[in-house]
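Beneath this line is the structure, given in C-alpha cells, with notes to follow.
The values are calculated or read from the model by the stated rules, or taken from the named source; none is laboratory data. This is a predicted model, so every value here is computed, not measured. Using ideal geometry, Cβ is built from the backbone for each residue, glycine included, and neighbour counts are taken over all protein chains shown. Side chains are part of the model used for accessible areas, which takes the heavy atoms of the whole protein and leaves out ligands, DNA and RNA. Shrake-Rupley method; radii C 1.70, N 1.55, O 1.52, S 1.80 Å.
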Amino acid sequence: VQLVESGGGLVQAGDSLKLSCAISGGTFSGWSMEWFRQAPGKEREFVAGISRYSTTAAEYADSVKGRFTVSRDNAKNTVYLQMNSLKPEDTAVYYCAAARGLYMITSGIDYWGKGTLVTVSS
C-alpha cells in the first residue's frame, strides 16, 4: 500500500488549503484514513480521520475542529483535508495515514505517506 500526499504550500494566515492523499496497492474502502502533522521539534500529532465504514464518520483534534474537514472519495481512492482559517501554528509537515480502525494515534497506523509541508505565515 502506498500513500502519496499533495497540495501543501506556503499560505498566509486566514487562507485555505486543500490536501489530497491518493492510495494505491490496496482496497481503499477497507482503510480508515487519518491525517497527522509534525511541527519542527514536536511530536507527530493526530489532526483528523475518517472511518472506513462511513464517508461521513470523522474525528478531529480540538485544535482544528470547526476549521478543518476530512473527506474521502472511495471511487477515486483519495482522502482530502480541507483546511480553512489557517493559523501560523498550523505550520507542519502533514502526513496521510491508513489504519484498520480510526485509532487517532501513531501506533495504530499501518501505512504512512511521506508528507507534505504546509507553511502558514503571519
When Gly108 is run through (1) open to solvent by 40 Å² or more (accessible area, probe 1.4 Å); (2) at pLDDT below 95, the failure sits at (1)
If you go through Glu59, Glu89, the only one that is closer than 24 Å to Val1 by Cα and acidic (Asp, Glu) is Glu59
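Checking the condition of a type in the set (A, V, I, L, M, F, W, C) and under 15 Å from the mean Cα position of the chain (by Cα), which residue from Ala13, Ala39 passes?
After ruling out the rest, the residue left standing is Ala39.
Matching residues to (1) of a type in the set (Lys, Arg); (2) touching an Asp or Glu at 6+ places or on another chain (Cβ under 7 Å); (3) in contact (Cβ under 8 Å) with a residue 40 or more places away in the chain:
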| residue | (1), (2), (3) |
| --- | --- |
| Val11 | no, no, yes |
| Trp31 | no, no, yes |
| Val64 | no, no, no |
| Tyr80 | no, no, yes |
| Val93 | no, no, yes |
| Arg100 | yes, yes, yes |
| Asp110 | no, no, yes |
Among strands (runs of 3 or more DSSP E) completely within segment 9-97, the ones holding 1 or more residues that are crowded, with 22+ Cβ neighbours inside 10 Å and acidic (Asp, Glu) are 32-38
* **Verdict on Arg52 being in contact with a helix residue (DSSP H, G or I) (Cβ under 8 Å, 6 or more places away or on another chain) and closer than 13 Å to Tyr94 by Cα** => no
query = Do the conditions hold for Thr116, that is, is it within 13 Å of the chain's Cα centre (by Cα) and over 19 Å from Leu10 (Cβ atoms)?
reply = no
Quick one: is Val79 under 16 Å from Leu3 (Cα atoms) and in contact with a Lys or Arg (Cβ under 9 Å, 6 or more places away or on another chain)?
-> yes
